[in-house]
Amino acid sequence: MTRNFCLEAARALYRFLGSIRFAMLLLAVIIVATVAGTLIESGFNAAVAQDYVYDAPWFIVWLALLCVNLTVAVLVRYPWKAHQWGFVITHGGIVVILIGAIIGRIWGLEGHMTLHADSPPQNFLVSNETLLQVQAGGERLRSFPLRLRSREPSPDRPLRFNAGDVEVTVLQVTDELGVRDVVEPVESGGAPALRLVIEGEAAPHTIRRWLVRDDPRRDSLVLGSDVIRFTRGGIEDIGTGDEGPAGSRVGHGIDAHRATASQDSAKADGSGEGGACCDADPVADMAHFQPGTAAVPDVDPGVAQGEVDDCCATGAGSLVARADAESAGREPDSGSGDPEPAKAAGSRNELALRHEGGRLVFESRSGSDESAGEVEPGAAFSAGWPGWSFRVEEVIERAAVREELAPMTGAGMRSLGASGLLLRLEADGSAVERWLEMGRMTFVRVGTEQVHLGFGFRLYPLDFQVELERFEVDFDPGTERPAGFKSHVVFTSQSGEQTRREVWMNNPTNFPSFPGAGFLGTSYKFSQSSWNPENLGQTTLQVIRDPGWSLKWIGSLLFCAGLLMVFYLKPYPRFQRGAAAAQVRANSTARPVEGAWREPGARREEEAEVAIARDA
Amino acid sequence: MKKWISLTLGLICTLPVYGGELNFDEAAGIVIQSGGRQKPLHTFANESMQLVTGRRSVEDPQTGARLEPIDGLFSIWFGKRDWGDAPIVLVSNPGLREALELEHSRHFSFDSLMANPRMAEFFHAISNKRAAGEELTDLETEAEIVLHRMDVLNLILTGEGMAIVPHPDDPSARWTTPLMAVENHDPEAARGVVRKLRKVSDSYLAGDEAGFTAASRDLRLVLSGLAPEAHYLSEAAVGREIHYNNLHPFRLAWIFYVAAFLGLLFRRTYRWGMGIFAVGFALNVYGFILRAWIAERAPITNMYETVVWVALSLALFAIIFEAIYRARIYALCAAPLAVVTLILADLFPTVLDPGINPLPPVLRDNFWLVTHVVTIMLGYAAFALALGMGHYILGRYLFKPETIDEESEIHHLLNRVLQIGILFLALGTILGGVWANYSWGRFWGWDPKETWALIALLLYIFASHGKLAGWWGNFGMAVAACLCFNGILMAWFGVNFVLASGLHSYGFGTGGIEWVGLFVALDALFVGFCGVMHVKRQRTLRAGQVLAEIGAPSRGIAGSEGAQ
């Protein structure tokens, strides 16, 4: 009895799963959802539409249900009669496309590569997926995907992650993170520091800056060609301002040190600062994880490749990178900053400040005029620079500098040119709040836990290397509109074999290549994606591997062929001959059409006969 | 009598149509490099005059005569009048005119706009925002359009935009103006060009017809001799393009379609109607081929070209179906739709730009692009035809309900068209995926354009499966043919003009949203009204049947049936 009931129920479910009513429900919801998706994309952005509709789990489940519906609808008709082949092929085609899409979703990957003509070969892809990586103590590395574009965390709606013993809360996100120097007195060690205020008609605006002696990044200030330096020696110690500005530039977007550091990507950030990376300082830089050094595979967090310093790479190897195109697109001297102080060529101003036994003295040179004197803290002095006025606001005999990260606000901050996350880490009853820079490993101590943190785009390692040989742009005759661009790329396989390829618009290349690679989609496909009009030695390639591609192809062919068969080869009685269907409906009794759908063979032939009779 | 006729004919022939009496045949064939390609001055004049004034002709500020674009171009270039002071720059947006504090007019002089302090403010605001990569406000977008018009006019006024001297060897290099010819050519040749141009200018200003024609020919020959033949637009190509400009094939086509429609209205004149329809179609095809030849690519890459292609496909489907069924309804429904689309293309050059311009890189040299757009537009055209037939059927149900029912043959004719539409739309959407796989790297990415094409397809599939499920019948399919077309409209225009997001950005434009919205709303009202009337009628019919079966003519029963 119950067994019969169960069987009946299963049969009913099976019938419902393959029924046209279910199909209509699925279709209606898909239509409404995709319409909503396009409206969401127009109102917000593509990422929101992706996260809430197209890539949302419920939508995937819905498509899977459609797949089930179509499969059952095909199976329910078995054995297929001649006139049903069109139906089977059409609906089976859609099933094949959907299966291909699911395979592509699970086993495929999508990322991009930004290559520079003068950079070393690259062996990883950067995906669009942002990850937060946490490794607490001796535990395993945990990766959490972040969807910041569609779900922006705020202090009221934070994102919480549980990484073993450490509770991680993302409180805030910023597009541009900056560094502020905090100069504090220390008991022992340290170096003298002074806060200099620069005003006057020649200054672009009031500048207030700490100068720290013996700190190559903070002991001098470069204003156009003018140089101010806090030094042990005198004016001769300044050197020419041209030979690599040691200090920070004023009036420019990005700090010079930062720009050189990001260009010289092979250099671990700590190396320039006396091994700061191994410091126990809570915000010590672990490594400068720029693409090119950070090619660390997902699976093996302990091993770092490239030239990253060992001490920096232990612990959590990073598989994250910051948007390279973003940082590379920025020029240190963008020209958009404040206007340079106007002056005639050759009249370079120099000012040296010296700390001598509790006294502060200056030596200055403006053109051929030289002057010297004592500086009274708080009082203005001109130092002989026409149009300038200086004042030392504060002097600290023993100072240490601490870098503090915060969202870029402008005043006295250097931009890092990267996004940042504000995290709160909780462990052992103590909590720490920190800003985390994109693409850089950060080491934080919370209570007794030592936590390595990383935040950036997921990297996919490749087992071959890609190098940009040169990049070509053609323009429309007589214009600056590009007519096409082409990347000349060299692939180097693990065995060292080199392959030269050209990638241009609408002409992707597959690697590793073999006959049928383009059809199968199992190798990586490199498509020309974008270029940088300001840097013609840079190219961005989109890289996709989609093992479901062949199924998508076959399914599409089946679908179209099936449609042709349905419409033109065998008459498809219902759709074509509405009148015949109406007749059947009129003749049959309870739920006639559902019945017809269940037992397609008999009814259909009956209809076909009616239709033929009508035609004759 | 004969004398009179010949005299009048002679008079008509000698009457000057326009103010000028010069012959521009030679001058119009001079080749200029502009907008990334080589084109005859004739095209350049049409495009730039249309852009600056928004009209097909230019008004001479002194005589008030209407000048042909090519005449206007020479007049401005050679400074026959004080064109800087002539009100010819179009400022179409009322909001912008208010912001610029302009009087009630649509055209203003270059000088007055240059002197307008608010225009200068707009200029600075726009250039700052462009430099910073910020988005412009609507008013600033309009101001930018006006600034562009001023720029185009200024380039002709100063002669700086008249790049007619070819580069001696590099086909992609920038051409120079005659005065700068010495940059690329030896001084003697450069002086020769300037001398010839001076002759053209002198004879033009003097109104010396023979001299102008001879001087123009001289200049043309000298210029074409400065570059290798392979790099220079051939004389045949120049002639072809001028022919295309003058013929207005698509305008002729819609005029023929109008005549065909009138003929098709009556059963007796069916043959005449179809004959005229075929001539219109031939002109449509001829224009399409000319355009493809001039552009050296399939002309289906922007909104204007797709609109023309859809008109062509509509007529094509109508002719094929008429050949099979001789049903009259196909051509009858296709003709007005083809007329509407071609009139849109003909009369709104600011919304649908008819210019032939080089393509963005992603659209170049692409087999898949051509097949994708051609098929998907065939699908759109089939559904447009179905839209027309749907309205015809609904109209029949509304006005002559006794002539039509669920079993009428006309439903079968509609279903044939819907089949074609589904087939081509499905094929086109999939081919779009194939193309995307080559150009963007992925098969499907939920870009708004591809999503809306899919939505439109799903709408029609939903409608046809609803009929399979017995939820609605043939009347429902006619309603669906009208309603589902909104999905096509959205995919075709809506994504570009309403949503304005996504990767298909080369088709973006502005304008016309209100009109399309009004059309859609009115149409929905009509369809809704037809539906309500049909349901009411069905109920009374059924009630009548029930009454007849029961055989009890009681009012109470009829009333309760009707209320269900």
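Below, the figures for the structure above:
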| item | result |
| --- | --- |
| Kirkwood-based shape ratio for chain B, expressed as Rg/Rh from alpha carbons | 1.05 |
| Rg over Rh [alpha-carbon atoms, Kirkwood Rh] for the stretch B:385-437 | 1.23 |
| Average accessible surface area per residue within chain B, 1.4 Å rolling probe, Å² | 46 |
| Residues in the stretch B:198-230 that a label on B:Asp186 would reach, taking backbone N under 15 Å of a point 7 Å out along Cα→Cβ | B:226-227 |
| Cubic angstrom per residue, convex hull over Cα atoms of the stretch B:360-528 | 108 |
| Links that overshoot a 23 Å alpha carbon limit, given the list B:Lys400/B:Lys536; A:Lys552/B:Lys449; A:Lys486/B:Lys39; A:Lys525/A:Lys552; B:Lys39/B:Lys449 | A:Lys486/B:Lys39; B:Lys39/B:Lys449 |
| Surrounding net charge for B:Val307, when Lys and Arg each add one and Asp and Glu each subtract one, Cβ distance under 15 Å | -1 |
| A:Leu75-B:Asn154 FRET efficiency (beta carbon distance; Förster radius 60 Å; 0.05 resolution) | 0.25 |
| 5 angstrom amide H check on A:Arg481, placed H, neighbours 5+ away | A:Asp476 |
| Interface B:A - total buried accessible surface [probe 1.4 Å, Å², rounded to 100] | 5300 |
| Chain B - mean residue ellipticity at 222 nm from DSSP helices (-39,500 (n - 2.57) per run, n ≥ 4, rounded to 500) | -21500 deg cm²/dmol |
| Dipole moment magnitude, nearest 20 debye, the stretch B:360-528 about Cα centre, only Lys, Arg, Asp, Glu C-beta charged | 340 |
| Of the DSSP H helices in chain B, those whose Cα atoms cover at least 15 Å axially and whose Kyte score averages 1.0 or more | B:249-264, B:270-295, B:303-325, B:329-347, B:367-399 |
| Inter-site label distance for A:Arg481 and B:Gln545 at 7 Å from Cα along Cβ, in nm | 6.2 |
| Rh by Kirkwood over Cα pairs, then Stokes-Einstein D for the stretch A:423-498 at 1.306 mPa s and 10 °C, µm²/s | 91 |
| Extent along principal axes [Cα atoms of the stretch B:9-231; Å; largest to smallest] | 51, 48, 25 |
| Residue range of chain B that is longest and free of trypsin sites (Lys or Arg not before Pro) which are both DSSP loop and sparsely packed (at most 12 other C-beta within 10 Å) | B:57-325 |
| Surface/4 estimate of mean projected area, convex hull on alpha-carbon atoms of the stretch B:239-396, nm² | 9.8 |
| Residue (of B:Gln50, B:Asn93, B:His104) at the positive-pole extreme of the stretch B:8-152, dipole from beta-carbon charges | B:Gln50 |
| Residues in the stretch A:461-482 that, when all protein chains are in place, have 50 Å² or more less accessible area than the chain alone would give (probe 1.4 Å) | A:Pro477, A:Gly478 |
| Exercise: per-residue mean of other protein chain Cβ atoms within 10 Å, B:469-476 | 5 |
| At R0 = 51 Å, FRET efficiency that the Cβ-Cβ distance of B:Arg267 and B:Lys129 yields, to 0.05 | 0.25 |
| For residues of A:29-38, the mean tally of beta carbons on other chains within 10 Å | 5 |
| 11 Å beta-carbon shell around B:Leu100, net charge (K/R +1, D/E -1) | -3 |
| Computed label-point distance, nm, for sites A:Leu63 and A:Ile106 using a 7 Å Cα→Cβ extension | 1.4 |
| Accessible area per residue in Å² at 1.4 Å probe, computed on the stretch A:134-193 | 53 |
| Cα centroid separation - the stretch B:63-107 against the stretch A:64-109, whole Å | 63 |
| Whole-Å semi-axes of the ellipsoid equivalent to the stretch B:207-319 (Cα gyration tensor, √5λ, descending) | 39, 18, 9 |
| Computed FRET value (nearest 0.05) for A:Arg151 with B:Asn23, which takes r as the C-beta separation and R₀ as 51 Å | 0.15 |
| Cα centre as origin, Lys/Arg/Asp/Glu Cβ charges: the stretch B:9-231 dipole, Debye | 380 |
| Between the stretch A:523-556 and the stretch B:224-288, the alpha-carbon center distance in angstrom | 41 |
| Distance-filtered residues of the stretch B:200-230 - backbone nitrogen under 13 Å, label point 7 angstrom along B:Asp111 Cα→Cβ | none |
| Label-to-label distance, nm, for residues given as A:Arg359 and B:Lys400 (7 Å Cα→Cβ offset) | 11.5 |
| Candidates per GluC sites (Glu not before Pro) in the stretch B:99-168, loop by DSSP, up to 13 other Cβ within 10 Å | B:Glu101, B:Glu103, B:Glu134, B:Glu135, B:Glu160 |
| Other protein chain Cβ atoms within 10 Å, averaged over every residue that makes up B:451-460 | 3 |
| Size of electric dipole in chain B: Cβ of Lys, Arg +1 and of Asp, Glu -1, about Cα centre, debye, nearest 20 | 2160 |
| Those chymotrypsin sites (Phe, Trp or Tyr not before Pro) in the stretch A:448-550 that DSSP places in a loop and that have at most 16 other beta carbons within 10 Å | none |
| Largest to smallest principal axis extent of the C-alpha atoms in the stretch B:48-127, angstrom | 35, 22, 20 |
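The values are calculated or read from the model by the stated rules, or taken from the named source; none is laboratory data. Source: prediction; values computed, not measured. We place every Cβ from the backbone using ideal geometry, glycine too, and count neighbours over all the protein chains shown. Remember, those area values only see protein heavy atoms, side chains included, never the ligands or the DNA or RNA. Shrake-Rupley method; radii C 1.70, N 1.55, O 1.52, S 1.80 Å.
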